[in-house]
Structure formats: structure tokens, C-alpha cells
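The values are calculated or read from the model by the stated rules, or taken from the named source; none is laboratory data. Every value quoted in this text rests on a predicted model; they were computed, and no experiment measured them. Note: ideal-geometry Cβ built from the backbone for every residue, glycine included; neighbour counts use all protein chains shown.
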Amino acid sequence: AERSQAEAAAHAAAQAEDPGVFDYDTWAGKAAEVRAREEAAAAAAKAAEAPRARYIGTLLAKAKEREKVNEQVMERRLARERDAEAAEFGDKPKYVTSAYKKKLEEDRLAAEAAAAAEAAADARGVEQRGMGGFYASLAANVALGGAAASHRHAGAVVDGDDEEKDVERIKAEAAAAAAKATAAAADTA
């Protein structure tokens, strides 16, 4: 009885302070309205935001890369032409602008950066380069008929004549295995 009187007193005090304190439906309705307004504001902000192209950055980067490759091809072609004309105009002075010198320096730095990136990619190994790296190393694998300069055999690097003998031995073993498989297939047929 004491407890119910204390509860009743607390209930009355809470209602005196806020008449809607026990009105859950009103509170839930207001919360839903607030949530709906926030969602509408977020949707309006998203609609007002300018749409961004998803792939244009990648396309532009690839276009710049192709442009640099084309410039390198053109430079090589011009160098060959200059070499061909050297006999005829070799005694004439050559003039190079500062802008061209700057471009040559930028090209040299870009080539060094590309070589460093390639060396770092080679150092990471096949497992970190994905399936493309796996297939590239598979194509270079001497045991599978690839043309690698040197390969690891039982943990040791094989060089020179030993490598050629190993390659021949592996090719002979592969040919023998293929002949054996062909003979087995012919026997079952």
C-alpha cells in the first residue's frame, strides 16, 4: 500500500510538471514528424548537390597517359629523323629552347618515376598484384614453357648451362607426360 501511494504521488507529480508525460502516441507522432522532416531536408540537399560524373576522372587520367605515350613515340620518330639528317646538317648549330629543355626534364623525371613504380610492383610479388600478375608470372615460368632468364629450382637460382639443361629436361619430361597421356587416352578409346 505504501508503494502504490508513493507511485501514485510520483505519477501525479510527473503529470503536474508535464501533462503529456505518459502520452506515448503523441510523442511517437511528433518523433515521426521530426524524422520525416529531417529525411526530406536530406533528400532536398542531395537533389540540390550537383551530380558528379563517376568515371570521368579515370577517363581523363587514361587520356593523359595515352597522350604522354604518343608524345614519346613522336619524340623517338623525330630523333630518328634528326639522326638521319645529321650527315647533311651535322655542321650546323642546334638551338634548343628553355621550354623544350623543361619538357625533356619533365619527361626524364616521369620515366624515372615509372621505372621506380614498376620496380616496387615487381618487389611486391605476384600475390599482391592480383590475377594479372599471376598470369604474367605464369607466362614467364620456365617450367611451363615460358622464357624467363633465370628461375628458382628447389630454392636455388639456376644459371647458364645448368639452366639450359634444366629447361631441356623439363621440356622432355613434359613431352613424355603428354605422350603417356595420349597413349592412355588411346588405350581407353
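When the residues of the stretch 52-100 are filtered to those that are assigned to a helix (DSSP H, G or I) and acidic (D, E), which remaining residue is nearest to the chain's Cα centre (by Cα)?
E65
Starting from the stretch 159-186, keep only residues that are at pLDDT below 70, then list their pairs with residues that are not hydroxyl-bearing (S, T, Y) whose Cβ atoms are within a distance under 8 Å, requiring at least 6 positions of separation or different chains.
E163/V142; E163/H151
Out of E33, E17, report the one residue that is surrounded by 10 or more Cβ atoms within 10 Å (Cβ to Cβ) and charged (D, E, K, R).
After ruling out the rest, the residue left standing is E33.
For the stretch 87-139, what are the residues that are polar (S, T, N, Q) and at pLDDT 85 or above?
T97, S98
Contact list please: Cβ distance under 9 Å, first residue in the stretch 100-120 and at negative phi, second residue among the basic types (K, R), pairs at least six apart or on different chains.
Taking only residues 6 or more apart or on different chains, the pairs are D107/K68; A110/K68.
This table checks each residue for (1) surrounded by 10 or more Cβ atoms within 10 Å (Cβ to Cβ); (2) of a type in the set (S, T, N, Q); (3) closer than 29 Å to A136 by Cα.
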site: Q72; (1), (2), (3): yes, yes, yes
site: L78; (1), (2), (3): yes, no, no
site: V96; (1), (2), (3): no, no, no
site: A99; (1), (2), (3): no, no, no
site: E112; (1), (2), (3): yes, no, yes
site: A115; (1), (2), (3): yes, no, yes
site: A120; (1), (2), (3): no, no, yes
site: A123; (1), (2), (3): no, no, yes
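Looking only at the stretch 1-51, count how many residues are in a helix (DSSP H, G or I) and β-branched (V, I, T).
Adding up the residues that qualify gives 2.
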